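To keep things clear, I will list the structure first and then write my remarks on it.
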Amino acid sequence: MPKDWFEWHKLYQSENLLQQRLQIVQKYISASLDIAPAGKIQIVSACAGDGRDLLGVLATHPRAQDVRARLVELDPQLVARGTKAIAQLGLTGKVELIQGDATLIDSYKGAVPADIVIFCGVFGNLPNEEVLQGLIRNLPYFAKTGAFVLWTRGDRDGANCSERVRQIFKENHFSEVDFQFTETGNMAVGRHRFDGQTLSAPIDEQFFVFTGTPDKAGLFVSAP
């Protein structure tokens, strides 16, 4: 495995699992944009990498100019590459990719609550289920009522991790809209709608801990 996330992202050029997962995530982003009400569409994305999931959709989607997005990523090289792509799409000032800690609520202030919330590649890099539960309990701070939350989770060694994620969402006022495994059968992508009331303040200022590193987080468990 590569030693850093910038190198890790090169796996998108060769790994079927990542290519398949990206296609499903982009399908769900596009579907969410398709039914968004007229006017501004607010989006936030945690651990966003170079933003290829969202930017790949906005490159051709007719609602691209309505989007106002905050993408949060810690790796400076990924931020630089994504920022260049934003400029090439003519979305500077509408989509921002900031270098920041995606685990901290401060990174999202001014950009939430959102209409679309992207937490792809995050759940498989959490230390335990307690942290996962805390993260999902905080999502009502990020999401407007009716907002869509997109997520991914890998299954490994017979552990049905994605099924537990679905259950926790259900316990926290989210309704499942879409759920699909990649053709490889071991990476799930979900889309849930938030049916509760938006929180005016977060439950926790640091609402999750990201423990994954490219050489420790197995490819079939999680991916940024």
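The values are calculated or read from the model by the stated rules, or taken from the named source; none is laboratory data. It should be emphasised that the depicted structure is a prediction, and the values quoted were computed from it without experimental measurement. Positions of Cβ are generated from backbone atoms using ideal geometry, with glycine treated the same way; all protein chains shown enter the neighbour counts.
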Subject >> Residue check, D75 touching a Gly at 6+ places or on another chain (Cβ under 9 Å), touching a residue at least 24 places away in the same chain (Cβ under 8 Å) and more than 15 Å from W151 (Cα to Cα) >> reply: yes
**OP:** Out of P214, P224, report the one residue that is surrounded by fewer than 20 Cβ atoms within 10 Å (Cβ to Cβ) and at pLDDT below 90.
**Re:** P214
Subject >> Members of the stretch 165-203 found to be surrounded by 15 or more Cβ atoms within 10 Å (Cβ to Cβ), part of a helix (DSSP H, G or I) and not β-branched (V, I, T), listed by number >> reply: R166, F169
Subject >> Residues located in the stretch 4-33, provided they are buried (at least 22 other Cβ atoms within 10 Å of the Cβ) and either aromatic (F, W, Y) or at pLDDT below 95 (or both) >> reply: W8, R21, Y28
Subject >> G158, sole failed condition from (1) over 26 Å from L78 (Cα atoms); (2) at pLDDT 90 or above >> reply: (2)
Subject >> Filter pass, G124 being under 27 Å from Q19 (Cα atoms) and small (G, A, S) >> reply: yes
Original post:
What are the residues in the stretch 82-131 that are among the basic types (K, R) and touching a strand residue (DSSP E or B) at 6+ places or on another chain (Cβ under 9 Å), if any?
Top reply: K94
Original post:
Is there any pair linking a residue in the stretch 159-175 that is closer than 17 Å to F194 by Cα to one that is of a type in the set (V, I, T), with Cβ under 7 Å and at least six apart or on different chains, and which?
Top reply: I168/I136; F169/I136; N172/I136; F174/V149
Original post:
Picking from R156, R166, which residue would you name as being over 15 Å from the mean Cα position of the chain (by Cα) and closer than 19 Å to Y28 by Cβ?
Top reply: R166
Original post:
Can you tell which of A48, A85 is in contact with a Leu (Cβ under 7 Å, 6 or more places away or on another chain), farther than 15 Å from V25 by Cβ and touching a residue at least 12 places away in the same chain (Cβ under 8 Å)?
Top reply: A85
Original post:
What do you reckon, is A36 closer than 18 Å to H192 by Cβ, modelled with pLDDT of 95 or more and over 14 Å from the mean Cα position of the chain (by Cα)?
Top reply: yes
